[in-house]
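See below for the structure under consideration.
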Amino acid sequence: MCGIVGYVGEKQAQAVVIEGLRRLEYRGYDSAGIALVDGGAVAWQKRAGKLANLEKAIVDEPLALSTTGIGHTRWATHGAPNDANAHPHLGRGGRLALVHNGIIENFVELRTGLENAGHELASETDTEVAAHLLELELDAGADLTTAMQRVCCRLEGAFTLVAIDATDPSRVVAARRNSPLVVGLGEGENFLGSDVAAFIEHTREALELGQDQVVTITREGVSVTGFDGSPSEGRRYHVDWDLSAAEKDGHDWFMRKEIYEQPRAVADSLLGRRTPSGALQLDEMRLSDEELRDIDKIIIIACGTSFYAGMVAKYAIEHWTRIPVEVELASEFRYRDPILNASTLVVAISQSGETADTLQAIRHARLQRSRVLAICNTNGSTIPRESDAVIYTHAGPEIGVASTKGFLTQLVACYLLALYLAQVKGTRFGDEITEVMDQLDSMPAHIQTVLDDEAVYALAREHVGTRSVLFLGRHAGYPVALEGALKLKELAYLHAEGFAAGELKHGPIALVEDRLPVLCVVPPQGRDQLRDKMLSGIQEVRARGARTICLVEEGDESIEPYADVLVRLPKVPVLLQPLVAVVPLQLFACELATALGHDVDQPRNLAKSVTVE
Ligand code: M6R
């Protein structure tokens, strides 16, 4: 949700900022803008639409040379995605330029105050209000750091602000509350970004900031304070991936690259989890065995794809530990007055670690004295920082807006958590845990087998022109069906719905009409009761004219008579089947969206990291 870049150093800021925006464009692509300090003035340019529009504008009307600048790529909240509402926003006299991610909740009141004082605002945004307030502070004699501290004390809501002052090219000043911001530490130069991708080609040394902090970067260094001006500091860390991980590497889309990276991402997320004696270890598990033994209920909170990973986790945790698990949409969680106490473990799943709904949910849980464990892919992000424990997934940066390797590695982390709890609570014998860990270790090879079967590409292309697709699953295959439908909605803009196969006859079967494609995730053999019930569901839709596309384990012939198309999956246990079953559905959505001519990495109306509620 909005990408922000700041730079001060020896290089040309325009090139650094534009490159940073390119790497952050997945966070929002409604408009893009840049501002540079130019000999006592601010030089700026902004354009509605994708970054390419801004780049063209800069070619047509070049900006001055400068080594201090900021940039923004927008996902619109307040005001339409047009040029006027694009960032940067300027103060009344044009001395100050500001970019913003988040929502300033009290902006109406602040705007009224400014208008009463004679200010004219050029946009409908909440951001412009903060730009005017900052410039008033500068005009009253404050330096940019002090101005930022003072203004932040007056703002409510969620915001990352990054500003430059035309009279002071030596610094860029930023602030954060409930919205992401990291500092990139260079030699003779420093950077700001919504995430490390903004500056990864320049440095892998980063500084994680805390809540309600103001940071000032100059060529020489970085200083951090609280909003009240008191000295503070961030946490320094090394980014464990490099520029090549943020490139498409010959693929047409980041999403496709990320789908093909899944065997490696799963293997990396399993690495180092066993001690030499074979016991499970989770390095970032900051909860003691004693604390974990006290847990009598688990609530998993997440959004979107991460929520579906949570649904799979429920099956695994309950089966292996017998601890009751609830799975809840993070956006709904705190509004239902959930029953929480110190024996409840709240598990927050978030690829980005910045999703506002999930963040607010964990804050609510902690206020009720529950312990919070985060499953997250992003070091330095807010959700793990505010949690009692964390299991990091090792997917590497996920840039495609549609989550793929994020999902698979979240599943791995959920299985690890379930097995670890089983180990600590003694609900499974050591050799049973070892057996599942061995099965998990074989999953990268199984995922590779699915990726090697490219038949699903042709299948996807056959569906250009299809208006509606249904997905059916049971047990751990049900969240896979939901995830398959979500991928198709967000990428191909089709009506796609996932159902628990048994629910079909309670209403949704009315949707079935002649030739309607129905993708069915068939449980593996050995779970025959489940499989037989799934078979009934398949027959029911087929009898009504549906075209059944069945994802079924190799060697299972029983489905063949009822399948118009068979997609073969490797033989794996039912609880682990989501790791292989979702892959053809990802490929299907990616290929169909490509065939439809859609931008797979930047689907309409979406942004990667949803940092507003
Ligand atoms: O970063 P998070 O895992 O917290 O994100 C949650 C959802 O916003 C995310 O999974 C979203 O649904 C994706 N676009 C799905 O592909």
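The values are calculated or read from the model by the stated rules, or taken from the named source; none is laboratory data. Quantities reported herein were computed from a predicted structural model and do not represent experimental measurements. Glycine gets a Cβ as well: all are built from the backbone with ideal geometry, and neighbour counts include every protein chain shown. Each accessible area value is taken on the protein alone, full model and side chains, heavy atoms only, with ligands, DNA and RNA left out. Shrake-Rupley method; radii C 1.70, N 1.55, O 1.52, S 1.80 Å.
Each residue of segment 495-502 is assigned a 3J(HN,Hα), and the resulting list reads 6, 9, 9, x, 9, 6, 3, x Hz, derived from the Karplus form 6.51 cos²θ - 1.76 cosθ + 1.60 (θ = phi - 60°), x at Gly and Pro. For the chain, DSSP calls about 60 percent of its internal beta bridges antiparallel. So which of Lys248/Lys489; Lys314/Lys489; Lys50/Lys314; Lys11/Lys405; Lys571/Lys608; Lys50/Lys487 end up more than 29 Å apart, counting from Cα to Cα? Lys50/Lys314; Lys11/Lys405; Lys571/Lys608, as the Cα separations exceed 29 Å there. A protection proxy built from the mean count of other Cβ atoms within 10 Å ranks the segments 31-41, 133-143, 66-76, most packed first, as 66-76, 31-41, 133-143.
Using all pairs of distinct alpha-carbon atoms, the Kirkwood hydrodynamic radius of segment 220-286 works out to 16.5 angstrom. Amide H contacts of Ile375 (H built 1.01 Å from N, in plane; Pro and chain starts excluded): Ala348, Ile349, Ser350, Ile391 sit under 5 Å, all sequence-distant by 5 or more or on other chains.
For Ile300, nonlocal amide neighbours, meaning residues 5 or more places apart or on other chains whose placed amide H falls under 5 Å from its own, are Glu326, Val327, Glu328, Val347. Give me the base-10 log of I(q)/I(0) for segment 394-504 at each q in 0.13, 0.24 Å⁻¹, Debye formula, one uniform scatterer per Cα, rounded to two decimals. Listed by q, the Debye log ratios stand at -0.69, -1.38.
Here segment 452-595 is assigned +1 on the Cβ of each Lys and Arg and -1 on the Cβ of each Asp and Glu. Its dipole about the Cα centre then comes out at about 380 debye.
Eigen-decomposition of the gyration tensor built on the alpha-carbon atoms of segment 3-245 gives equivalent ellipsoid semi-axes of 24, 21, 17 angstrom, largest listed first.
Compared with the rule-of-thumb size 2.2 N^0.38 Å for a compact globular protein, segment 316-416 has a Cα radius of gyration ratio of 1.05.
Cα centroid separation, segment 2-37 to segment 136-203: 13 Å. If the Kirkwood radius is taken over C-alpha pairs of the chain, then at 25 °C and 0.890 mPa s the Stokes-Einstein diffusion coefficient equals 97 µm²/s.
Across the alpha-carbon set of segment 56-122, the Rg to Rh ratio works out to 1.00, Rh being the Kirkwood radius.
Once phi is turned into ³J(HN,Hα) by the Karplus curve 6.51 cos²θ - 1.76 cosθ + 1.60 with θ = phi - 60°, what whole-Hz value does each residue of segment 571-586 show in order, with x for glycine and proline? Computed from phi, the couplings for segment 571-586 are 6, 9, x, 4, 5, 8, 4, x, 5, 9, 5, 6, 4, x, 6, 5 Hz. For segment 452-595, the convex hull drawn through the C-alpha positions has a volume of 93 cubic angstrom per residue. In the chain, the DSSP-assigned H stretches of four residues or longer account for a calculated mean residue ellipticity at 222 nm of -10500 deg cm²/dmol, using -39500 (n - 2.57) per stretch and the full residue count as denominator.
In segment 453-528 the Cα-Cα distances spread across 5 Å bins starting at 0 as 3, 15, 24, 25, 19, 10, 3, 0 percent of all pairs. When the chain is described by a simple charge dipole with +1 on each Lys and Arg Cβ and -1 on each Asp and Glu Cβ, the residue from Leu110, Val42, Gln410 located farthest towards its positive end is Gln410. Phi angles across segment 591-603 convert, under the Karplus curve 6.51 cos²θ - 1.76 cosθ + 1.60 with θ = phi - 60°, into 3J(HN,Hα) values of 6, 5, 5, 5, 4, 7, x, 8, 7, 5, 7, 10, x Hz, Gly and Pro given as x.
Close amide H partners of Gly498, meaning residues 5 or more places away or on another chain with modelled amide H under 5 Å apart, are Phe471.
Ordering of 184-193, 371-380 by packing is 371-380, 184-193, highest average first (other Cβ atoms within 10 Å, averaged per residue). Rolling a 1.4 Å probe across the protein heavy atoms gives segment 452-595 an accessible surface of 36 Å² per residue. Take the alpha carbon atoms of segment 562-584, find their center, do the same for segment 406-463, and report the distance between the two centers in whole angstrom. About 12 Å separates the Cα centre of segment 562-584 from the one of segment 406-463.
For the chain, relative contact order (Cα pairs under 8 Å, six or more residues apart, normalised by length) works out to 12 percent. Taking 1.002 mPa s as the viscosity and 20 °C as the temperature, the Stokes-Einstein diffusion coefficient of segment 248-441 based on its alpha-carbon Kirkwood radius rounds to 128 µm²/s. Quick check on segment 289-366: take the gyration tensor over C-alpha atoms, sort the square-rooted eigenvalues as a ≥ b ≥ c, and tell me if it's rounded (a/c under 1.5), prolate or oblate. It is oblate, given that a/c is not under 1.5 and a/b is not larger than b/c.
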